[in-house]
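Accompanying notes for the structure given below.
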Amino acid sequence: MRPARVAPPGLLASILTRARAKALTHDEIIAWETGSLLGSVLASPLRFLRAHPHCSDDDLREAMQSAGQQAAQGLDKFLSALGTIASVSPLLGLLGTVIGMIEIFGAQTSVGAVANPAQLAHGISMALYNTAFGLAVAIPALIFWRYFRSRADAYVLAWEHQGAQLLQELKILRR
């Protein structure tokens, strides 16, 4: 999620400068593709155009959309795991609490056993710690998941805007 790895500043400007000068090289396209996720999105119509010089604008748009979907999936790769941790942690804590409470009350109701209030309180306290630990994991995980989810969405929106600019410029340059 680091900007330099996902969407380096000035990348579109440098691509547009080279495209306007009609000086794009194969090595530059490869460097943009491998340098960042935005680079892979913006380089995709350039690569497609080099392979198919007489293609339509829709073909270029499709090439970029395909690359954009792959790049967005790359951003989301670890977000689903973080979201799952945030969702499941409180449930696991609650499960531990319920199991602990069952154990406490099961032990207290043995035949002929006298309930010890201090032992009962200690057992309930330990069972509630399970919930607290589940929440202690879930709350930060949810905060980070929301933060990274909004960053990923912002990146994808910026890619769409920059991609549209590049496609418009390529359309003009191809005339």
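Quick look at the numbers
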item: Tilt relative to the chain, helix 57-76 - C-alpha long axis, 0 to 90 degrees, to 10; result: 30 degrees
item: Dimensionless Rg/Rh of region 79-150 - Kirkwood Rh, Rg from C-alpha atoms; result: 1.23
item: MRE, 222 nm, helices only [DSSP H, n ≥ 4, -39500 (n - 2.57), over the chain, to nearest 500]; result: -29000 deg cm²/dmol
item: Theoretical FRET efficiency, 1/(1+(r/R0)^6), r = Cβ-Cβ of Glu169 and Lys77, R0 25 Å, to 0.05; result: 0.25
item: Mean Cα-pair separation over length for the chain, i.e. relative contact order, pairs under 8 Å, 6 or more apart, %; result: 28 percent
item: Spin-label pair Asp57/Leu91, simplified geometry with 7 Å Cα→Cβ offset, distance in nm; result: 4.8 nm
item: Segment Thr25-Ala13, extension gain: residue separation times 0.36 nm, minus the distance between their alpha carbons; result: 2.7 nm
item: FRET efficiency, 1/(1 + (r/R0)^6) with R0 35 Å, evaluated for Ile139 and Phe105 via beta carbons; result: 0.75
item: Cα-based helix-to-principal-axis angle, 79-108 vs the chain, degrees rounded to 10; result: 10 degrees
item: Derived scalar couplings ³J(HN,Hα) [region 48-56; Karplus, 6.51 cos²θ - 1.76 cosθ + 1.60; whole Hz; x for Gly, Pro]; result: 5, 5, 5, 7, 9, x, 9, 6, 8
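Read-outs: derived from the displayed coordinates by stated rules, not from any lab. Everything numeric in this text was worked out from a predicted model, so none of it was measured. As a convention, Cβ positions derive from the backbone with ideal geometry for all residues, glycine included, and neighbour counts pool all protein chains shown.
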